[in-house]
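Presented below is the structure to which this report refers.
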Amino acid sequence: TGAAGFIGSHLCEELLRLGHTVRALDCFVPYYPAAIKERNRAAATTHPNYRFEKLDLRTDPLDRVIDGAELIFHIAAMPGLVKSWTDFGGYWSCNVLATQRLVEAIKRVAPNLKRLMYASTSSVYGKFASGDESLPTRPISPYGVTKLAGEHLCLAYAETDGLPLVILRYFSVYGPRQRPDMGYYKFIHALLTGVAIDVTGDGQQVRGNTYVSDCVDATVAAAKALPGEIFNVGGGETASVWDILNRLEAITKTKPTIRRQPARPGDQRHTFADTTKLQRHLRWQPKVGLDEGLTRQVKWQRDELRAGVPG
């Protein structure tokens, strides 16, 4: 699900590379231009084992597309922090109702499902998300609340119906195809187009960063985890906003123009994923360092600008 999005489109390509048949679902919620999602999935469309269906988990019949599935990667969600304060209905329907309808369909037509991987977020931990999976879950944004509700909903079905669930909590994923509303995309776009960069708060917010291919590798590996497990997914390097801007200045050779803005409500202060459990259980290790990952994203965004793709 969410197969035409940032992470979902990369995941589809990796599953196809590994020899799987992929049934790809996305409803193109107008969070950002549909043309971007079409471009995301363009490479996969040429593969004979890829079948795409435009389908809304909240309203459309699901039994036909779920029937016979061996693995389900539930990546679809309404993302983003700021909009969740003004469109709670949208976040609730996309992140909770859609999940409930998906697991009900699994109960009806996929009794032999091997795993359901539920993509969650570090936002479930709240303001300070630094540590392992035993950290208290105290989300401070409506987005985080709805993603945690989705976790609990799936856990309820796992307890009562044996849903073979694995939960993955992603930490600040970046790289090519990153959504245009995300911070690193905005910073790079501003540097490449010569406009000012908005820095919210004091700029000392720290993020643990995960390159998209490392995130995808962890997600695929989780299909072999024991049902009921919860894993943090993070790349092992932290950086503040100012640190990221310094790195991007060096990569682009462009000095940013900074425009200060008030802090965003519900913004996390410090995140860093302790991935010891993921590494121990699944022998996963992040491979792409922050400077290399940012360089790849800069190249991708520069190529997209030259191609005239809207951002």
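Straight distance only, please: which lysines reach the Cα of Lys255 with their own Cα at less than 16 Å, same-chain residues fewer than 8 apart left out?
Leaving aside lysines fewer than 8 places away in the same chain, those within reach of Lys255 are Lys186.
Distance between the C-alpha centers of the range 68-113 and the range 211-289? Whole Å please.
Rounded to whole Å, the Cα centres lie 23 Å apart.
Taking H as built 1.01 Å from N, whose amide H comes closer than 5 Å to the amide H of Phe52, not counting residues under 5 places away?
When sequence neighbours closer than 5 places are left aside, the close amide H contacts are Ala24.
Would you work out the Kirkwood radius for the chain? I mean one over the mean of 1/r across all pairs of different Cα atoms, in Å.
Hydrodynamic radius (Kirkwood, Cα only) of the chain equals 19.8 Å.
At a 1.4 Å probe, what is the % contribution of carbon and sulfur to the accessible area of the range 179-311?
Ligands and nucleic acids excluded, carbon and sulfur reach 51 percent.
When the Karplus curve 6.51 cos²θ - 1.76 cosθ + 1.60 is applied with θ = phi - 60°, which whole-Hz ³J(HN,Hα) does each residue of the range 269-277 get, with x for Gly and Pro?
8, 8, 10, 7, 7, 7, 9, 3, 5
So what are the ³J(HN,Hα) numbers for the range 237-249, from phi and the Karplus equation (6.51, -1.76, 1.60; θ = phi - 60°), rounded to whole Hz, Gly and Pro as x?
Taking θ as phi minus 60°, the curve returns 10, 10, 7, 7, 4, 5, 5, 4, 5, 5, 5, 5, 4 Hz for the range 237-249.
Given N residues in the range 162-311, what is Rg(Cα) / (2.2 N^0.38 Å)?
So the range 162-311 has a normalised radius of gyration of 1.13.
Give the accessible surface of the chain per residue, rounded to a whole number of Å², with probe radius 1.4 Å and ligands, DNA and RNA excluded.
Per residue, the chain has 45 Å² of solvent-accessible surface.
What's the percent breakdown of Cα-Cα distances in the range 1-96 across 5 Å bins, shortest bin first?
2, 13, 24, 23, 19, 11, 5, 2, 0
Work out from phi, with θ = phi - 60° and the Karplus expression 6.51 cos²θ - 1.76 cosθ + 1.60, the ³J(HN,Hα) of each residue of the range 205-219, listed in order in whole Hz, and give x for Gly and Pro.
Karplus values, whole Hz, x for Gly and Pro: 4, 10, 10, x, 10, 10, 5, 4, 5, 5, 4, 5, 4, 5, 5.
Starting from the range 26-89, pick out the GluC sites (Glu not before Pro) whose DSSP state is loop and whose Cβ has at most 16 other Cβ atoms within 10 Å.
Counting only loop positions with at most 16 other Cβ atoms within 10 Å, the GluC sites (Glu not before Pro) in the range 26-89 are Glu70.
Given H placed 1.01 Å from N in the peptide plane, which residues other than close sequence neighbours of Leu165 have an amide H under 5 Å from its amide H?
Those lying under 5 Å, H to H, from Leu165 are Leu116, Gly228.
If you filter the range 227-265 for trypsin sites (Lys or Arg not before Pro), then keep DSSP loop positions with at most 10 other Cβ within 10 Å, what is left?
Passing both the DSSP loop test and the Cβ count: Lys253.
What residue among Asn246, Gln100, Ala129 has its Cα farthest toward the positive end of the dipole of the chain, where the charges are +1 on Lys, Arg and -1 on Asp, Glu, each on the Cβ?
Checked the options; the winner is Asn246.
Enter the angle in degrees (range 0 to 90, nearest 10) between the Cα long axis of helix 290-306 and the first principal axis of the Cα atoms of the chain, meaning the one along which they spread out most.
Orientation of helix 290-306: about 90 degrees from the principal axis.
Taking amide H positions as placed 1.01 Å from N in the peptide plane, with prolines and chain starts having none, which residues 5 or more places from Ser120, or on another chain, fall under 5 Å of its amide H?
Leu168, Arg169, Tyr170
Per the 1.4 Å probe, what fraction of the accessible area of the range 80-143, in percent, lies on carbon and sulfur atoms?
The nonpolar share, carbon plus sulfur, comes to 56 percent.
Given only helices, namely DSSP H runs of n ≥ 4 each adding -39500 (n - 2.57), what is the per-residue ellipticity at 222 nm of the chain, to the nearest 500 deg cm²/dmol?
Values: 11 runs with 117 residues, N = 311.
Roughly -11500 deg cm²/dmol at 222 nm, from the helical runs in the chain.
Using a probe of 1.4 angstrom, how much of the accessible area of the range 1-73 is carbon and sulfur, in percent?
Answer for the range 1-73 is 51 percent, counting heavy atoms of protein chains only.
Antiparallel versus total DSSP beta bridges in the chain: what percent is that, nearest 5?
10
Let me know the whole percent of all Cα-Cα pairs from the range 84-164 that are separated by more than 17 Å.
Percent of Cα pairs beyond 17 Å in the range 84-164: 50.
State log₁₀ I(q)/I(0) for the range 209-255 at q = 0.14, 0.19, 0.20, 0.22 Å⁻¹ as given by the Debye formula over alpha-carbon point scatterers of equal weight, solvent excluded.
Debye curve over Cα of the range 209-255, log10 I(q)/I(0) at q = 0.14, 0.19, 0.20, 0.22 Å⁻¹: -0.51, -0.71, -0.75, -0.81.
If the cut-off is a Cα-Cα distance under 16 Å, which lysines reach Lys37, setting aside same-chain residues fewer than 8 apart in sequence?
Within the straight-line limit of under 16 Å, Lys37 reaches these lysines: Lys54.
Which value in Å does the Kirkwood hydrodynamic radius of the range 43-89 take, with 1/r averaged over all unlike C-alpha pairs and then inverted?
On the way: mean 1/r = 0.0725 Å⁻¹.
Kirkwood hydrodynamic radius for the range 43-89: 13.8 Å.
Return the Rg/Rh ratio of the range 157-247 with Cα-based radii and a Kirkwood Rh.
1.11
Write down the percent of antiparallel bridges among all DSSP beta bridges whose residues are both part of the range 167-264, to the nearest 5.
30
The values are calculated or read from the model by the stated rules, or taken from the named source; none is laboratory data. Because the structure is predicted, anything quoted here is derived from the model rather than measured. No Cβ is skipped: glycine too gets one built from the backbone with ideal geometry, and neighbour counts run over all protein chains shown. These accessible areas exclude ligands, DNA and RNA; they are computed on the full protein's heavy atoms, side chains included. Shrake-Rupley method; radii C 1.70, N 1.55, O 1.52, S 1.80 Å.
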